Amino acid sequence: MAGTGNFGLRFDNSHIRDLPGTFLPQPPHKAPAPTLLQFNAALAEELGADVPALEARAVDLFSGNLLPNGAEPVAQAYAGHQFGGFSPQLGDGRAVLLGEVIDRQGRRRDLALKGSGPTPFARNGDGMAAVGPVLREYLMGEAMAALGVPTSRALAAVATGAQVLRGRALPGAVLARIAASHLRVGTFQFFAARGQYDQVRRLADYAIARHHPQAAEAENRYLALFDAVAVAQARLVAQWMGLGFIHGVMNTDNMTISGETIDYGPCAFMEGYSPGTVFSSIDRQGRYAYGNQPQVLGWNLARLAETLLPLFDADEARAVDLANARLDRIAGLYEAEWLRIMRRKLGLEGEAATDAALAEDFLVLIAGVDWTRAFRALAPAVRNDGALRTVLAKPAGREEGPRHVLPADPAGPEHWLLRWRARLAPDAGARIAAANPVYIPRNLLVEEALANAEAGDMARFERLLAVVGVPFTERPGLEAYVLPAPEAFARGFRTFCGT
Ligand code: AMP
Ligand code: MG
């Protein structure tokens with residue numbers, strides 16, 4: 001199986017050396033008749049691969065049928081709160097970590113296969129993934145990367161030739177995924193729940209060295225680690241909020257210690273702005289609705305803090321005080337990140353005390369309006385607000401009829417535009433265009449692309465991938481990619497985990 005070279009991938013599997021007891025050896029299962037769906041040559045280049053050689057064997061390598069030299073496949077253990085309920089044992093049920101690759105810039109990056117067959121953590125699952133969800137993860141991750149959001153990346157997608165049963169028979173697939181690491185809040189929970197604090201400490205030391213090295217300098221390195229994770233995750237969620245991104249399953253096993261977005265399942269971009277927007281079919285209570293994501297951030301970080309208590313201080317009461325002081329600050333930390341992003345999106349100059357109100361009042365103005373278009377329309381509105389008014393008059397999914405935004409409407413844009421203009425940076429138009437995308441993965445277009453791909457036609461997927469890969473530059477001929485879905489589609493739009 002191995003012995004065919006490393007294709008330029010420089011493996012150095014630090015987790016095998018430094019984190020014994022946190023994984024089980026697990027080779028990927030063989031795919032019966034693999035075919036390559038997609039290969040990310042630019043990312044392969046970034047990783048330092050011999051790209052032609054890697055691409056030539058991509059179908060074997062990323063189906064799991066061939067292991068590159070240096071790979072040591074394992075399934076990682078983790079626990080997690082899923083929709084608030086604790087599962088002490090989740091783990092990689094259908095994924096294997098092949099190893100860590102040192103990329104061209106010397107960065108350490110995990111290479112994993114998802115959908116490569118059951119592992120000892122599979123419980124009753126089949127260990128497989130279907131083409132649709134695999135390509136959704138591919139597309140969403142690449143779109144987020146292009147939008148400047150920390151995220152796992154897709155190196156390749158391979159159809160396995162096997163069928164997976166998800167109510168009906170679907171074509172199976174494997175995603176080759178690159179991530180800063182796969183350490184999750186749930187990884188810490190797995191060992192803390194078992195009282196294995198030597199492992200928690202080892203994980204914390206490893207996470208500090210790999211992701212947050214500045215914490216090693218602190219007087220209390222574990223508190224500093226917690227602070228660094230809190231900042232990284234707060235920044236991440238603020239970026240999601242700025243883009244109208246709804247992760248959909250912010251369980252603690254899906255929140256990384258690195259602060260990258262990971263585990264794209266039922267995620268989607270909100271079109272018509274409404275804080276209660278939920279797409280996931282399994283999120284019946286709306287726990288992970290758009291507007292709840294900042295709250296969930298804090299809740300998840302509280303779960304991380306609990307796992308670290310004995311490391312914060314040997315005295316339990318003191319450890320709890322230290323943790324609570326940290327947790328009290330998270331809402332403020334998030335607010336500051338959100339405001340920083342809103343200032344960029346609105347093209348504001350410097351900082352004024354009224355900026356948060358200005359941003360919030362814009363959100364009132366765009367209720368029901370397409371989130372992405374509304375913000376992008378601010379760029380030309382610096383000079384001429386005609387386009388903005390047109391967008392504001394058209395709630396997303398109801399393109400047919402204007403709503404009542406009369407020039408004299410006190411809740412209309414007049415007053416807001418005056419306040420906004422008074423705060424604009426000199427080059428606001430360019431700044432706004434650089435902060436607000438034209439192109440995001442539009443729900444209807446994603447669904448159509450995935451349906452075609454499932455039927456064997458990758459053309460739409462590839463076109464959409466190319467469009468969302470350059471999100472900030474408006475290009476002629478791509479008008480169909482900027483519109484929200486019609487209401488008939490939007491009303492019934494649901495996303496699925498694909499498990
Ligand atoms: P997810 O909802 O993808 O974040 O997965 C939650 C947990 O369920 C993880 O432990 C996964 O490894 C596991 N899981 C999800 N789908 C499958 C599957 N088809 N086979 C085995 N395990 C799975
Ligand atoms: Mg997950």
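The values are calculated or read from the model by the stated rules, or taken from the named source; none is laboratory data. Here the structure is a predicted model, which is why all the values come from computation and not from measurement. A quick note on method: Cβ atoms are made from the backbone with ideal geometry, for glycine too, and the neighbour counts reach across all protein chains shown.
Could you pull out the residue among ALA232, ALA176, ALA238, ALA207 that is over 23 Å from GLU142 (Cβ atoms) and either surrounded by fewer than 22 Cβ atoms within 10 Å (Cβ to Cβ) or out of contact with any Gly (no Cβ under 9 Å at 6 or more places or on another chain) (or both)?
The match here is ALA207.
Given the residues ALA49, ALA56, which is the only one that is hydrophobic (A, V, I, L, M, F, W, C), free of Cβ contacts under 8 Å to residues at least 12 places away in the same chain and within 22 Å of ILE102 (Cα to Cα)?
Residue meeting the stated conditions: ALA56.
Can you tell me which residue among TYR197, TYR138 is under 21 Å from the mean Cα position of the chain (by Cα), at pLDDT 95 or above and of a type in the set (Phe, Trp, Tyr)?
Unique residue meeting the criteria: TYR138.
Residues being assigned to a loop (DSSP other than H, G, I, E, B) and among the hydroxyl-bearing types (Ser, Thr, Tyr): count how many of those fall in the range 332-388.
Within the range 332-388, residues that are assigned to a loop (DSSP other than H, G, I, E, B) and among the hydroxyl-bearing types (Ser, Thr, Tyr) number 1.
Restrict the check to the range 159-176 and report whether at least one residue is modelled with pLDDT of 95 or more, away from ligand 1 (no atom under 15 Å from the Cβ), within 15 Å of the chain's Cα centre (by Cα) and not in a loop (DSSP other than H, G, I, E, B).
No, that holds for no residue.
If a residue counts only when it is among the charged types (D, E, K, R) and either more than 19 Å from ASN300 (Cα to Cα) or in the same structural domain as ALA323 (by TED's automatic domain parsing) (or both), which helices (runs of 4 or more DSSP H) contained entirely in the range 180-267 have at least 3 such residues?
Those helices (runs of 4 or more DSSP H) span 197-211, 221-243.
Name the residues in the range 110-127 that are surrounded by 20 or more Cβ atoms within 10 Å (Cβ to Cβ) and more than 18 Å from ASP60 (Cα to Cα), would you?
Answer for the range 110-127, where residues must be surrounded by 20 or more Cβ atoms within 10 Å (Cβ to Cβ) and more than 18 Å from ASP60 (Cα to Cα): ASP110, THR119, PHE121, GLY127.
Could you list, ordered by first residue, the pairs with Cβ atoms under 7 Å in which the first is in the range 33-44 and over 16 Å from ALA453 (Cβ atoms) and the second is among the basic types (Lys, Arg) and surrounded by 15 or more Cβ atoms within 10 Å (Cβ to Cβ), at least 6 apart or interchain?
LEU43/ARG153
Could you please give the count of residues in the range 268-285 that are among the small types (Gly, Ala, Ser) and either within 16 Å of ligand 2 (Cβ to nearest atom) or outside any loop (DSSP other than H, G, I, E, B) (or both)?
So the count comes out to 3.
Filter the range 257-285 down to the residues that are within 16 Å of ligand 1 (Cβ to nearest atom) and among the hydroxyl-bearing types (Ser, Thr, Tyr) and list them by number.
Matches in the range 257-285: THR261, TYR264, SER280, SER281.
Looking at the range 219-256 only, could you name the residues that are within 16 Å of ligand 1 (Cβ to nearest atom) and out of contact with any Cys (no Cβ under 8 Å at 6 or more places or on another chain)?
Those that are within 16 Å of ligand 1 (Cβ to nearest atom) and out of contact with any Cys (no Cβ under 8 Å at 6 or more places or on another chain): MET250, ASN251, THR252, ASP253, ASN254, MET255, THR256.
Give the residue, chosen from GLY48, GLY21, that is in a loop (DSSP other than H, G, I, E, B), within 26 Å of the chain's Cα centre (by Cα) and at pLDDT 95 or above.
Checking each option against the conditions leaves just GLY48.
Any residue that is modelled with pLDDT of 95 or more, within 18 Å of the chain's Cα centre (by Cα), within 16 Å of ligand 2 (Cβ to nearest atom) and outside the structural domain of ARG284 (by TED's automatic domain parsing) - is there at least one of those in the range 105-112?
yes
Please find, within the range 88-104, the residue that is farthest from ligand 2 (Cβ to nearest atom) out of those that are more than 16 Å from ALA154 (Cα to Cα) and out of contact with any Asp or Glu (no Cβ under 8 Å at 6 or more places or on another chain).
Taking the candidates together, the pick is PRO88.
Given the condition without any contact (Cβ under 8 Å) to a residue 40 or more places away in the chain and touching a strand residue (DSSP E or B) at 6+ places or on another chain (Cβ under 9 Å), answer yes or no: does some residue in the range 116-139 qualify?
The answer is yes; a qualifying residue exists.
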